[in-house]
Amino acid sequence: MIDVPFFTIPFGPCHPSSGHFHASITLDGERVVELKPDPGYLHRGFEKLMEYRTYLQNSPLVDRICILDPFHAELGYVNAAEKILDIEVPEKGKFIRTIMAELGRILSHITWIGVTSMVLGLNSGCMIAWGDREPLIRINEKVTGGRIYPCYFIPGGVRRDLPENFPEKIDEVFNRLEKNLEQYDFLVFDNETIRVRMENVGILETEEAIDLGATGPNLRATGLKADLRKDEPYEVYDQLDFDIPTQKKGDAFSRGMCRRLEIEESMNIIRDALQKIPGGEFKNKDFKPFTKAKEKETYFCCESARGEQCYHMVGDGTDKPYRVKVRGPSFSHSLAEFPYLAKNAYIADIPAIYWSLDPCPADVDR
Amino acid sequence: MYLRKLLQPFKLIKNLYRKPMTLVFPEEALPPIENYRGRQLLDIEKCVGCGMCSRVCPNDAIVMVDFEGKKCPQIHLGKCCFCALCAENCPTNALQMTGEVFIAGYDRSFAVFDPEKLAKK
């Protein structure tokens with residue numbers, strides 16, 4: 001028998017369905033023998049940059065960690081910073097943060113629906129999803145002043161109060177979104193072409209998922225009800241009434257379905273929070289731009305749209321952090337789970353596996 | 001159920017009678033939103049030259065320059081990340097964010113806004 005060498009082909013970083021992520025795939029015919037991820041195209045050195053900026057200046061910086069889910073990057077950061085700075089947050093500030101964080105989750109999941117349906121060859125799904133994203137971005141703009149980068153949470157609360165007609169505006173947008181969710185069901189989730197490409201592809205068992213460091217919807221799709229919002233409630237999640245959607249199968253389709261159901265749940269959380277929101281101050285005025293921190297170490301985790309977003313922060317008594325370590329959810333998704341699931345899969349299934357994990361290349365490299 | 005699924009694609013016909021969701025950009029643009037973080041506007045009379053804006057700027061985009069006998073901010077909008085920390089921390093509210101977003105130019109020097117240019121509406 002003649003020994004034929006395997007083919008090695010690159011996936012990304014300039015591939016329509018890879019984002020800015022590079023992986024080299026070794027192929028035996030149509031089967032993937034090995035997938036070597038090669039991140040680093042979006043490395044900007046956040047952890048080092050944060051050491052040179054004050055606690056206030058870091059808040060606009062951490063937005064850039066993950067472009068699609070900036071609210072949770074900020075939420076994790078400000079909570080960790082508040083522990084070091086010893087600052088209390090007024091109740092209203094916590095409510096506003098919860099509402100905006102859930103809005104960020106919806107934004108991220110809708111973008112996921114759009115990108116995934118585009119990658120799987122369904123362009124109209126992408127158009128509708130990005131069309132739905134626009135009204136939500138307009139709300140974001142109205143509240144925070146920025147379309148994509150909110151720069152909204154600071155240690156001690158939020159920077160602005162909610163606008164006057166915010167609940168009505170939210171109702172209007174959510175009613176439209178609810179109608180369009182039916183359209184997604186028809187167009188994307190009940191679509192035969194999407195189902196064939198995503199069902200029984202990239203199956204992850206619960207134990208494997210935990211071993212590989214999966215969090216968020218990827219872990220919940222395997223059937224485990226693991227969510228930091230319930231397990232270790234932060235902000236005001238303990239006062240709100242909500243469910244955690246899970247799926248059983250753990251394949252690419254159930255990971256998507258988990259996100260689809262989370263959109264609805266997030267809308268319920270926002271509606272619930274808007275009813276319970278108290279009056280009063282929205283930020284703690286004790287926090288000044290150059291407030292000095294305690295000599296202390298802290299660790300804080302929050303449940304972002306993709307999984308656990310964690311910050312380990314060390315304060316040294318000055319107005320700048322001594323060291324910050326960021327744990328992004330996408331790191332384990334694209335460096336541990338992706339190569340594991342890609343092994344022995346067909347080359348044509350690679351985009352479906354990759355996007356069903358919903359990694360953010362910007363978050364992998366940081 | 002099956003029939004409903006079969007007939008669903010025909011719903012698309014109604015899109016023919018719908019207005020477009022997009023705008024013809026250079027001619028018309030989305031109206032600016034109140035409190036939008038666009039470029040800064042300086043009120044020179046209010047400015048006391050304390051330099052808080054330049055100290056709080058995360059990107060070092062602001063330098064204090066001499067202008068009409070006092071210190072005033074000069075902003076490099078190429079470096080600016082439009083976080084509005086300068087406007088928020090201004091003790092006299094001399095710096096404010098406007099909804100102006102069309103600030104592109106043909107030259108690199110266009111991005112540097114000296115106090116005079118910054119005060120123009």
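The values are calculated or read from the model by the stated rules, or taken from the named source; none is laboratory data. What you are looking at is a predicted structure, and each value in this text was computed from that prediction instead of being measured. Here the Cβ is made from the backbone with ideal geometry for all residues, glycine too, and neighbour counts use every protein chain on show.
Applying a threshold of 9 Å to beta carbon distances and a minimum spacing of six or more residues, or different chains, the list of pairs starting in region A:264-290 at a residue that is more than 27 Å from A:Y184 (Cβ to Cβ) and within 14 Å of chain B (Cβ to nearest Cβ) and ending at one that is of a type in the set (V, I, T) and outside any helix (DSSP H, G or I) reads A:F282/A:V158; A:K283/A:V89; A:K283/A:I154; A:K283/A:V158; A:F287/A:I87; A:F287/A:I154; A:P289/A:T54; A:F290/A:T54.
Matching residues to (1) within 25 Å of the chain's Cα centre (by Cα); (2) of a type in the set (D, E):
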| position | (1), (2) |
| --- | --- |
| A:N284 | no, no |
| A:C301 | yes, no |
| A:Q309 | yes, no |
| A:D319 | no, yes |
| A:V326 | yes, no |
| A:S332 | yes, no |
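Residues in region B:6-62 that are assigned to a helix (DSSP H, G or I) and within 17 Å of B:Q74 (Cβ to Cβ) were compared, and the one that is nearest to the other protein chains (Cβ to nearest Cβ) is B:V56. Would you confirm whether or not region A:52-72 contains a residue that is within 20 Å of A:E235 (Cα to Cα), touching a Ser or Thr at 6+ places or on another chain (Cβ under 9 Å), in a helix (DSSP H, G or I) and more than 14 Å from chain B (Cβ to nearest Cβ)? Checked against the condition, which is being within 20 Å of A:E235 (Cα to Cα), touching a Ser or Thr at 6+ places or on another chain (Cβ under 9 Å), in a helix (DSSP H, G or I) and more than 14 Å from chain B (Cβ to nearest Cβ), region A:52-72 yields at least one hit.
Only one entry of B:G99, B:G69 meets the criterion of being within 19 Å of A:C151 (Cα to Cα) and surrounded by fewer than 18 Cβ atoms within 10 Å (Cβ to Cβ), and that entry is B:G99. Within the option set A:I128, A:I113, being within 17 Å of A:F186 (Cα to Cα) and within 11 Å of another protein chain (Cβ to nearest Cβ) holds for one residue only, A:I128. Against the list (1) of a type outside the set (S, T, N, Q); (2) within 30 Å of A:L335 (Cβ to Cβ); (3) buried (at least 20 other Cβ atoms within 10 Å of the Cβ), the condition A:G156 fails is (2).
Summed over region A:17-50, the residues that are of a type in the set (A, V, I, L, M), farther than 20 Å from A:V119 by Cα and touching a residue at least 40 places away in the same chain (Cβ under 8 Å) give a count of 4. Inspect all residues belonging to region A:34-56 and state whether any of them is touching a Cys at 6+ places or on another chain (Cβ under 6 Å) and either modelled with pLDDT under 85 or over 18 Å from A:A348 (Cβ atoms) (or both). Within region A:34-56 (the criterion being touching a Cys at 6+ places or on another chain (Cβ under 6 Å) and either modelled with pLDDT under 85 or over 18 Å from A:A348 (Cβ atoms) (or both)), the answer is no, since none of the residues qualifies. When residues in region A:138-153 are screened for being outside any loop (DSSP other than H, G, I, E, B), within 11 Å of another protein chain (Cβ to nearest Cβ) and either buried (at least 16 other Cβ atoms within 10 Å of the Cβ) or touching a helix residue (DSSP H, G or I) at 6+ places or on another chain (Cβ under 6 Å) (or both), 6 of them pass.
Pairs linking a residue in region A:225-246 that is in contact (Cβ under 8 Å) with a residue 60 or more places away in the chain and under 12 Å from A:E303 (Cα atoms) to a residue that is surrounded by fewer than 19 Cβ atoms within 10 Å (Cβ to Cβ) and of a type in the set (D, E, K, R), with Cβ atoms under 8 Å and 6 or more positions apart or on different chains, are A:Y237/A:K230. Mind listing whichever residues of region A:29-51 are within 20 Å of the chain's Cα centre (by Cα) and in a helix (DSSP H, G or I)? Result: A:F46, A:E47. For region A:185-205, give me each residue that is more than 14 Å from chain B (Cβ to nearest Cβ) and either outside any helix (DSSP H, G or I) or buried (at least 16 other Cβ atoms within 10 Å of the Cβ) (or both). A:I194, A:R197, A:M198, A:E199, A:N200, A:V201, A:G202, A:I203, A:L204, A:E205, listed by residue number.
For (1) farther than 28 Å from A:R159 by Cβ; (2) surrounded by 13 or more Cβ atoms within 10 Å (Cβ to Cβ), each residue gets a yes or a no:
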residue: B:L3; (1), (2): yes, no
residue: B:L7; (1), (2): yes, no
residue: B:E27; (1), (2): yes, no
residue: B:E34; (1), (2): no, no
residue: B:R39; (1), (2): no, yes
residue: B:S54; (1), (2): no, yes
residue: B:N59; (1), (2): no, yes
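Being buried (at least 19 other Cβ atoms within 10 Å of the Cβ), closer than 28 Å to A:N191 by Cβ, over 17 Å from the mean Cα position of the chain (by Cα) and more than 14 Å from chain B (Cβ to nearest Cβ): is that true of A:D243 here? When the stated conditions are applied, A:D243 does not pass them.
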